[in-house]
Amino acid sequence: MTAVELRRLTRKDLAQHAKRGRIDGWHGMKKDELVKALLNQQRKERRRRRNGDASKSRPTNGTNGSHSENGDDLSANGRTPVAASRSNGHSGNGASRNRDLSSGFQTSNGQATDRVEVHSDDAYWIHVKWSFTKATISRAEAALGIDWHRAVPVIRVFDVTAGDEEGTDCRTQVGDIVIHGNVDHWHVPIEHPEKTYSIHIGYRTPNGRFHALAHSPAIQTPQPGAKGAVDRSWKRDTKRAKPQQRNGHGANGAPRANLARRNGDTVNGGAPVDRDFPFYVDAELIVHGSTHPHASLTLLGEPVQLTKDGRFSLRFALPNGRQVIPAVTVTPSGEEQHTIVLAIERVTREMAPQPTDELY
């Protein structure tokens, strides 16, 4: 498909194409990113066809020479080369992008910083935000060496109720949550409220090694039903920190610096618009709920991991337009299937700037 044909499709259709094409990180991609990823995949496929594949003309040692229906060679274990490379961490640009946590938000002077911030507005959830520089990620790559290509970024949760989060002898590891480089924040489920936790972000290798990038201040989750807690750095920076898209563009693809003047350089031909005035609004969707702890759950056809008490929470991009998200759960016995469909529509309107003396 051409770029024009792809852009005519909805994000849902593009996501289905990306899912079938096994594009890494398609869950968190916006429409423009999905189009770019699909075009890149098509170019790689055309290049592969031009170069030819020796294994198509003769079976290689250790394989039976069989092919999949779409023409891709099968490896010795029956997986396509794309799937096999994903399993060991060498999935090309997609895997590198998913490991790269250097995208984040910037401070008011435009400088990227290393930080982990936590906020808890619910007894059972901690909202984690992070920002890392390219240099920090490069140091992690150098430290891990050959293990870098098999490492995955994770959020490691520690229970530090017994003492300071810096003390290794008074903290208990609660668990790890695998994340990816397409986002800069995550909602972490907590099973035991009213405890104090510390969030560490880093890279975990298959042999169990953990390289930490940074950790958050200690935070205590509130009692069920109580108002949430927030660490001091979160309060201090919410006024000046703003989300940073990977391509530096707003929700409709327009550069943020141009949003205020897209309708012209002046207002009603009079006073000039402040070209440097920043104004950016975006929205995301968080879907959460609960079911039987031993049931199986899928959202948009993808399996969802449940907590021990059956809760779940997922974050989605929310572009303009109508989004339909089916949630399907199957009872532990496998005898019944229950479905809930969320239909959500986002409409964003940018109004023309007006002089304040004309508003009164």
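Only one of the listed residues (I155, I179) is in contact with a Pro (Cβ under 6 Å, 6 or more places away or on another chain) and closer than 24 Å to Y124 by Cβ. That residue is I179. Every residue in region 185-236 that is of a type in the set (A, V, I, L, M) and either at pLDDT 80 or above or outside any strand (DSSP E or B) (or both), please. Listed by number, the residues that qualify are V188, I190, I199, I201, A212, L213, A214, A218, I219, A226.
Candidates in region 180-217 are the residues that are touching a residue at least 60 places away in the same chain (Cβ under 8 Å) and aromatic (F, W, Y); of these, the one that is farthest from T113 (Cα to Cα) is Y197.
Of all the listed residues (T331, T266), the sole one being surrounded by 11 or more Cβ atoms within 10 Å (Cβ to Cβ), over 24 Å from D122 (Cα atoms) and either at pLDDT below 50 or touching an Asp or Glu at 6+ places or on another chain (Cβ under 9 Å) (or both) is T266. On inspection, V178 passes the criterion of being at pLDDT 50 or above, within 23 Å of H27 (Cβ to Cβ) and either in contact with an Asp or Glu (Cβ under 6 Å, 6 or more places away or on another chain) or surrounded by fewer than 15 Cβ atoms within 10 Å (Cβ to Cβ) (or both). Of all the numbered requirements in (1) of a type outside the set (K, R); (2) under 27 Å from G289 (Cβ atoms); (3) touching a helix residue (DSSP H, G or I) at 6+ places or on another chain (Cβ under 9 Å), W148 misses one, and that requirement is (2).
Contact map, region 112-136: residues that are modelled with pLDDT under 85 paired with residues that are of a type in the set (D, E, K, R), Cβ distance under 7 Å, separation 6+ or inter-chain. Pairs shown: Y124/R311. If only residues of region 138-150 that are within 13 Å of L213 (Cα to Cα) and touching a residue at least 40 places away in the same chain (Cβ under 8 Å) are counted, the one that is surrounded by the fewest Cβ atoms within 10 Å (Cβ to Cβ) is A143.
The values are calculated or read from the model by the stated rules, or taken from the named source; none is laboratory data. Quick caveat, the model's predicted, so the values are computed rather than measured. Don't worry about glycine lacking a Cβ; one is built from the backbone with ideal geometry, like all the others, and counts go over all protein chains shown.
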